[in-house]
Amino acid sequence: MSPPREADPFTALALPAQPGLGDDDVRAAWRRVAAATHPDRADGGDPARFAAAAAAYTALRTRSGRSEALADLARPAGRPHPAPRRWRRAGGPARLPAHTGPAGLLARVRRGRPLLLALRLAVAAAVSATAIAVAGRAPATPSLIAGVLTWLILTAHHDLAPPS
């Protein structure tokens with residue numbers, strides 16, 4: 001049993017379903033729809049359409065999200081989402097795609113947003129150093145550093161280019 005197919009996010013934001021859309025195009029469409037449908041408007045807005053547009057913006061705000069949405073639209077209804085190629089076995093051992101490993105990671109950093117990634121790393125290092133300086137060898141220090149590293153891992157992927 002597969003989950004229900006969600007509405008077309010491109011339609012919810014009145015955007016053409018094409019691969020050439022940029023982040024600014026999606027952001028402008030979201031702001032236009034949000035301004036017209038927000039529930040805090042004097043006329044009450046349209047909460048259902050606002051919620052659909054918010055979900056669509058969440059799905060389309062990144063290049064990889066737009067690619068996944070386009071792939072979902074191209075897939076016939078009722079067919080399950082295929083597993084990524086690196087998880088499938090084709091008679092032999094599973095092989096990781098070429099974009100993995102240190103060379104692939106460096107390529108993703110170069111094609112992504114390296115300055116923002118460097119800023120995130122600097123913030124993580126500064127917060128960790130501050131935790132060590134303030135708390136010393138207290139039991140909370142490793143927890144604070146683990147929290148900072150978790151934040152870094154969960155947010156740094158936004159600054160990497162999608163795998164090719």
Being surrounded by 14 or more Cβ atoms within 10 Å (Cβ to Cβ), farther than 15 Å from T62 by Cβ, touching a residue at least 12 places away in the same chain (Cβ under 8 Å) and outside the structural domain of S64 (by TED's automatic domain parsing), is that true of even one residue in the stretch 135-142? no
Regarding the stretch 20-32, can at least one residue be identified that is modelled with pLDDT under 90 and either among the aliphatic types (A, V, I, L, M) or not assigned by TED's automatic domain parsing to the domain that holds A71 (or both)? yes
By my count, helices (runs of 4 or more DSSP H) wholly in the stretch 73-164 with at least 1 residues that are modelled with pLDDT of 85 or more, out of contact with any His (no Cβ under 9 Å at 6 or more places or on another chain) and more than 26 Å from P9 (Cβ to Cβ) are 114-135, 140-156
I'd like to know if the stretch 24-44 contains one or more residues that are in a loop (DSSP other than H, G, I, E, B) and of a type in the set (K, R). yes
Any residue that is assigned by TED's automatic domain parsing to the domain that holds A14, farther than 20 Å from T155 by Cβ, without any contact (Cβ under 8 Å) to a residue 40 or more places away in the chain and part of a helix (DSSP H, G or I) - is there at least one of those in the stretch 59-71? yes
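The values are calculated or read from the model by the stated rules, or taken from the named source; none is laboratory data. Predicted, not measured: the structure shown is a model, and the values here were computed from it. Glycine also receives a Cβ, built like all others from the backbone with ideal geometry; neighbour counts cover every protein chain displayed.
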